[in-house]
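Each remark here refers to the structure printed beneath this line.
The values are calculated or read from the model by the stated rules, or taken from the named source; none is laboratory data. Since we're looking at a predicted model, the values are computed, not measured. A quick note on method: Cβ atoms are made from the backbone with ideal geometry, for glycine too, and the neighbour counts reach across all protein chains shown.
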Amino acid sequence: MKKLCVGDLKVGMFIADTGLSWLENPYLYAQEGMVTSQEQVDALVKDGYTDVFVDPARGTYVFEDDGRTAEQHMADGVLATPDVSWDGAEAMVARHEALRAEMATARKLYAEAMQNVRSFLDAARDGHMLEVAASEALVEQVIDSLLRSDDALVSLTKLKTFDEYTYTHSLNVSVLSVSFGKALHLPKSKLRLLGLAGLFHDLGKQRIPPQVLNKPGKLTQDEFEVIKSHPERGHALCAAGGIKDTEVLRGIIEHHEKCNGCGYPGGLTGDAVHLFGRIISVADVYDALTSRRVYKNGMLPNKALSIMYNMRGEDFFPGMVERFIKSVGIYPVGSLVRLSDFSHGVVVTANPALPLLPLVKVSFDERMRPRAQVLVDLAEEKALHGLRARKIVDCLDPRDYKLDIAPLLA
Ligand SMILES: [Fe+2]
């Protein structure tokens, strides 16, 4: 998938719908189909659209191709970003052991946390004051779990079976933000604040009339302005609930600001956007793209990361998406992958130094029948066998095979 300016569309390109919400990306044109005339392009420009994603695999337009996959492009971006380190194969094995040890605790914590999120979101919807103490205790548990294992809770944000997006999204954004903050070396005192900001980032949506928030058709400009008020409403609800820390409040009110100044409510740009706003905006879009909704299937994490990678420097601040990809991996933990020998497995640990070569637990044969499980370090295979080593050739959706991935991680 490539991101272009609408004016650069050419006849024969295929416009793709990435699943990015038009509510939050109003200048993104996402009506799927082939571009058939220059007049069509001119009309889109006249209508005020500025951005578009095209799928090179589906149109008739021939793009210049350097022969590299989207994943290889991302790997180059990650490795060109400073602060990418790798502690070696032993550290990967240790990280995998930590994941196995933490999964049961993390699953319990995720389920308990959902109760907390339900209760404060429902209370806000019903007009009650926010009570912060229980959420502070929850964030503390999230941080402790992520300190024991980088991967357990993060993998659950993608493997959960809950269907209630409003609730899971708040929790996931908190977990992903804290995990990302940890990768950025923020101290625990800051992670506490970041976790709270992530948890409450969309609180203001609870005060948006449901007929506007859930309207199936296109919103009027006035309705869109109401939706855009949710960061300020959330900020006000949190301040009224006793949150005084300006970093938490800024994380909430600035989570829709963009690097290019086209965000809201402030249209801020550059250094004016607080680090918490930058972190939460990345976690927010990643969870939105990969979550299943009533009207769409969740996108596979590697595809979502590829789309976000194409938005770097515009929607997201320089280096942020690359560092996020570094922290979760190009094939995040829990991804179901096909290897070049047609066996299938689950990614159990990322490899920040060689992002295309994670640790994989091979668990299925070429026809997806269970087989004896073997842990395969693709980086080690590459070192031993060079070009003959196995590699990842595809990423699959576990739902298509009715697979429950979580037990394979424990
Ligand atoms: Fe939001």
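Sub-6 Å Cβ pairs linking a first residue in segment 190-206 that is part of a loop (DSSP other than H, G, I, E, B) to a second residue that is more than 11 Å from the ligand (Cβ to nearest atom), at least 6 apart or interchain, are Phe200/Cys238, ordered by first then second residue. The residue that is farthest from the chain's Cα centre (by Cα), among those in segment 122-135 that are surrounded by 15 or more Cβ atoms within 10 Å (Cβ to Cβ) and farther than 25 Å from Gln211 by Cβ, is Val132.
For the condition assigned to a loop (DSSP other than H, G, I, E, B), within 21 Å of the chain's Cα centre (by Cα) and in the same structural domain as Asp287 (by TED's automatic domain parsing), His185 qualifies.
The residues of segment 149-182 that are within 16 Å of the ligand (Cβ to nearest atom), within 15 Å of the chain's Cα centre (by Cα) and of a type in the set (Phe, Trp, Tyr) amount to a single one, Tyr165. Residues in segment 192-213 that are over 27 Å from Glu140 (Cα atoms) and away from the ligand (no atom under 15 Å from the Cβ): Pro209, Pro210, Gln211. Applying the criterion of being of a type in the set (Val, Ile, Thr) and away from the ligand (no atom under 16 Å from the Cβ) to the residues of segment 236-254, the residue that is nearest to Asp122 (Cα to Cα) is Ile243.
Pairing residues of segment 117-137 that are closer than 14 Å to Ser174 by Cβ and not assigned by TED's automatic domain parsing to the domain that holds Phe200 with residues that are β-branched (Val, Ile, Thr) and surrounded by 15 or more Cβ atoms within 10 Å (Cβ to Cβ), at Cβ distances under 9 Å and at least 6 apart in sequence or on separate chains, gives no pairs at all.
Among the residues in segment 262-281, are any among the aliphatic types (A, V, I, L, M), touching a helix residue (DSSP H, G or I) at 6+ places or on another chain (Cβ under 6 Å) and either away from the ligand (no atom under 16 Å from the Cβ) or closer than 30 Å to Ala98 by Cα (or both)? Yes.
Based on this model, can you work out whether Arg233 counts as of a type in the set (D, E, K, R), within 14 Å of the ligand (Cβ to nearest atom) and in contact (Cβ under 8 Å) with a residue 60 or more places away in the chain? In short, no.
Here's a check for you: in segment 103-116, which residue that is within 21 Å of the chain's Cα centre (by Cα) and touching a residue at least 40 places away in the same chain (Cβ under 8 Å) is surrounded by the most Cβ atoms within 10 Å (Cβ to Cβ)? In this case the residue turns out to be Ala106. All conditions but one from (1) away from the ligand (no atom under 14 Å from the Cβ); (2) in contact (Cβ under 8 Å) with a residue 40 or more places away in the chain; (3) farther than 25 Å from Gly181 by Cβ apply to Asp222; the one that does not is (2). Just one of the listed residues (Asp51, Asp55) is touching a Leu at 6+ places or on another chain (Cβ under 8 Å), of a type in the set (D, E, K, R) and under 29 Å from Ser281 (Cα atoms), and it is Asp51.
On the stretch given as segment 129-151, residues that are of a type in the set (Asp, Glu) and not in a loop (DSSP other than H, G, I, E, B) total 3.
Checking each residue in segment 36-57 for being aromatic (Phe, Trp, Tyr) and under 7 Å from Val6 (Cα atoms) picks out only Tyr49. Just one of the listed residues (Leu336, Leu375, Leu408, Leu357) is free of Cβ contacts under 8 Å to residues at least 40 places away in the same chain and within 20 Å of Ala152 (Cα to Cα), and it is Leu357.
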